[in-house]
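Participant: So that we are looking at the same thing, I have put the structure below in structure tokens.
The values are calculated or read from the model by the stated rules, or taken from the named source; none is laboratory data. Treat the numbers as computed from the prediction; the structure is a model and nothing was measured. Positions of Cβ are generated from backbone atoms using ideal geometry, with glycine treated the same way; all protein chains shown enter the neighbour counts. These area figures cover heavy atoms from the full protein model, side chains too; ligands, DNA and RNA do not enter into them. Shrake-Rupley method; radii C 1.70, N 1.55, O 1.52, S 1.80 Å.
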Amino acid sequence: MGRGEQVSDAHEKERDERTVTANSEVPSGKVLLLVVISVLGVGVGYAASITAARILGPAAFENYAVAIATLSLLATLAEAGVGKYALKVVPGYAATQQWPLASGYWRFSLRATLMISTVLAVGGIMWEGVQIDEFGGYPLGVAAFFLPAAALAAVGVDFVMANRAAVAGTVIARLVIPGTTLILLIAAGKWLSNVSGGIAVTCFGIGSVIGAVVCGMAFRLTSPRQIFSVAPKYDRGEWLRECGYFMGVSFLMSWILRVSLVILELLPVAEAEVGYFAAALETGCLILLLSKSTDKLFQPDMSVIVQEGDIARGIRLRNRRYMFVGSGCAIFMLAVVLFGREIMGLYGPEFRAGYVALCFVSVGTCTWTMFSLAPVYLRFVGRSMFVIAITVVAAVMMAVLTIVLGLRYGATGAGIAFCIVLCTVAVAFLGVETRDVFQRNTSNTGLLE
């Protein structure tokens, strides 16, 4: 081997080592940048929702919102947990330079996502065809058509995040995808005389398609070169078991956050109440974008911390997250209380009636956002069954309370149910996490025993 080739290989090795070890301690500047991007993403996503509501009107917006909520639930199943597990396993493979396993895992993930999402999409389209004898006549069928793209985009963002490219992943998830949707909705409203719910869902779906393509490019650019050049090695048994767990938990959490709207749609309540709650849920859940972005930034570091048993560093990581996320939640909640009616009025004057529901939803989402890293920690230290048990109970509570309170109080009742469940489950996870960390810290044991 020549001198030039040795130098080139040395430079490539150094680059790969930097990729593996970069950001071993999350810089405060990066967290702040992610907060800024998330805030911008809130604006873009909310503008898309308001644009859809104004173009469609209350009745059609209700169908659009239910279709997107259903798409989110199905996409969680279609992702098969591979993206969520990637945030744990990919940094570990990189840190220990297990390139064959890293190479096998991304291939396994791609195939699993495509297979499951395609099966669910075909099932959804066939179901719609049986129901109305025509594809595309109802937004749910259009949403099913774009399910594979939505699932691939979500998994792609997780893989980019797992590569410690948190800024790139956040930009794709919070700006590229909703930004494309917003542009297409504006164009549809300007150039089409009649925009249906199906057309609005198509705009959303095209945003997912573009997001999936951009994620593929970003993953290629941010990955160590070895995972594309070495022969893949597969640990399918372990991966299927772990991904199944993450898929179950993710679906339950998606159920908790989205099923209220679907249930309220099925209850014998006024359509206007469903529309009010759809707007309140969309607005109140905007703060969850901050939770999702920062959690995906911290999870790869938490994976390494758990492996190393560095309790002190884990506590510092958690406290720094509280500082940034807590500030964002306080600002968001203050804005909702002071300007909530005006914010809801952006959807249309009649939507101001959903202000009280918005306040309840926001209390729940802010509480969850503050402590959303607690169940991740518990999963990483082997408390998976506890996390599943609490999440199952919360999912059942959400359905029952929404039916009971929604029937009696409409949108406000659904908001109360949402608040009770999210606050209860967040505090439960926080209490167990705090006790576990305290016990390990005082006994000087590692995170992994």
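Participant: So for each of 41-49, 149-157, 344-352 I average, over its residues, the number of other beta carbons within 10 Å; can you give me the resulting order with the highest mean first?
Facilitator: Numbers: 41-49: 20.8, 149-157: 26.8, 344-352: 18.2.
Order by mean packing, descending: 149-157, 41-49, 344-352.
Participant: So, one more: In square angstrom, what is the accessible area per residue of the range 140-202 with a 1.4 angstrom probe?
Facilitator: Working: 2110 Å² over 63 residues.
Computed with neighbouring chains in place, this is 34 Å² per residue.
Participant: Here is a further query. So, counting K/R as plus one and D/E as minus one, what does the shell of residues with Cβ under 11 Å around Y355 add up to?
Facilitator: Working: positive: R341, R352; negative: E342.
Net charge in that neighbourhood comes out at +1.
Participant: Next question. Whole-Hz ³J(HN,Hα) for each residue in the range 316-323, computed from phi via Karplus 6.51 cos²θ - 1.76 cosθ + 1.60 with θ = phi - 60°, x for glycine and proline: what do you get?
Facilitator: The phi angles translate into 4, 4, 5, 5, 5, 5, 4, 4 Hz.
Participant: Ranked from highest to lowest mean number of other Cβ atoms within 10 Å per residue, what is the order of the peptides 75-85, 331-341, 267-277?
Facilitator: Values: 75-85: 25.9, 331-341: 15.6, 267-277: 19.8.
So the peptides 75-85, 331-341, 267-277, ranked by packing, come out 75-85, 267-277, 331-341.
Participant: Here's another thing I want to ask about it. Over every pair of different alpha-carbon atoms in the range 204-264, take the mean of 1/r and invert it; report that Kirkwood radius in Å. Working shown, then result.
Facilitator: Numbers: mean 1/r = 0.0659 Å⁻¹.
When all Cα pairs of the range 204-264 are included, the Kirkwood radius is 15.2 Å.
Participant: How big is the equivalent ellipsoid of the range 307-430 along its three axes, where each semi-axis is √(5λ) from the Cα gyration tensor, reported in whole Å from largest to smallest? Show your work: numbers first, answer last.
Facilitator: Details: eigenvalues 198, 85, 11 Å².
Its equivalent ellipsoid spans semi-axes of 31, 21, 7 Å.
Participant: Taking a temperature of 20 °C and a viscosity of 1.002 mPa s, what whole-number D in µm²/s does Stokes-Einstein yield for the range 84-193 with Rh from Kirkwood over alpha carbon pairs? Working shown, then result.
Facilitator: Values: Rh = 16.3 Å.
Reported coefficient: 132 µm²/s.
Participant: Something else about it: Take the Cα pairs of the range 129-242, get the Kirkwood Rh, then feed it into Stokes-Einstein at 4 °C and 1.567 mPa s and tell me D in µm²/s. Spell out each step's value before the answer.
Facilitator: Values: Rh = 16.1 Å.
Once the numbers are plugged in, D ends up at 80 µm²/s.
Participant: In Å and on Cα atoms, what radius of gyration and Dmax does the range 339-382 show?
Facilitator: Here Rg and the maximum Cα pair distance are 15.9, 50 Å.
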